[in-house]
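> Okay, here's the structure, questions in a sec.
Every number in this text was worked out from the coordinates using simple rules, so none of it is lab data. The shown structure was predicted, so the numbers you read here are calculated from the model rather than taken from an experiment.
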C-alpha cells in the first residue's frame, strides 16, 4: 500500500484526520457490510475460537480484493476511499482477534466470597473488595491502558500514570481515571461512585455522551440509564472497609443497618419503635461487634439477646 494511504489510515485511527475526509471514510466503512465488532467481543468474552476468527479474517481479505476490482471501475478517488475503509476494518478485526488470543488465557479472576480481600494489580494499584464482589484483570496491562472488569463493591487506590488511563468496566458503567482513590458500588438497579481523591470520569457504557466528571466529595449515580452527580453526604461510605463510623442525630435503625453490612451480622429490633430512636453524636472507631452492641445498649437502656444467628435488641 502506498505511503500516503498508510499515513491516512494511521491518522484516521488516531482521530487526527481532517474532519471532512474522516466523514467520507466513515461512510465507506458503514457501506461495507461488516459484523459489529462489539458483538464479537461480547459473545467471546469467555471463549475465543482462534480458527474461526482466522477464517473470518481470510474471508474479509477475499471480499476486499473483490471490492478493489469492482471499485476501480467507479473512479480512482472512490477506489482509494474504499480501499482505506476496508483496511481500517481489517486492522480493527486483527486487533480484536489478537486481544482475545492474548487475554483469553491470562485473565486473573478474584472472588471475595464472605471475607474482604485486598488485591495488588500489575501496576501496583490496590483494590479492596467488599464481600461477594468479583474482579477480573490481565496478568499484564496493555501498553496504552489498564482495563479491568468488576462487580460488587470495592475501594480503588490507583497508581498514577497519565499515559495509561485506568478503566473499570461494570455491567452498566465505565469508570476512567489516571490516578486517584474512590469507591465503586454496583447492583442490579444502580451503580454508585464516590471519589476520595483525584478525578474520575463516570459514564453510561451504552451512551458515551452520558457522562459526568467527579471530584473529591462527589458521588456519581447511574440508575435507569440516567447518570448524575451529587455531593456525598454519607461520611460512612467506607465503613465496610475501615470499620470507622460517625453519626450526628441519626436514627438507630440507620446505624444498625450500617453495622450489619460492615460486620456481616443481623441485629434486629424486638420493637420497631427502637429503630426510631435518634442518637446524638456517636462514633465507633474500629471496635469489635461485641463492644459496639454494648455501647448501643448502655446508651439507650436496651438489652441484647442472641436467637440463632440474630441479635435482638429490646427494652
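> When you take every Cα atom in the stretch 107-231, what is the radius of gyration, and what is Dmax, the widest Cα pair distance, in Å?
Answer for the stretch 107-231, Rg first and Dmax second: 13.4, 37 Å.
> Average projected area of the Cα convex hull of the stretch 204-305, in nm²?
8.4 nm²
> Would you compute, for the Cα atoms of the stretch 234-283, the largest minus smallest coordinate along each principal axis and list the three values in descending order, in whole Å?
The Cα atoms of the stretch 234-283 stretch 30, 23, 13 Å along their principal axes.
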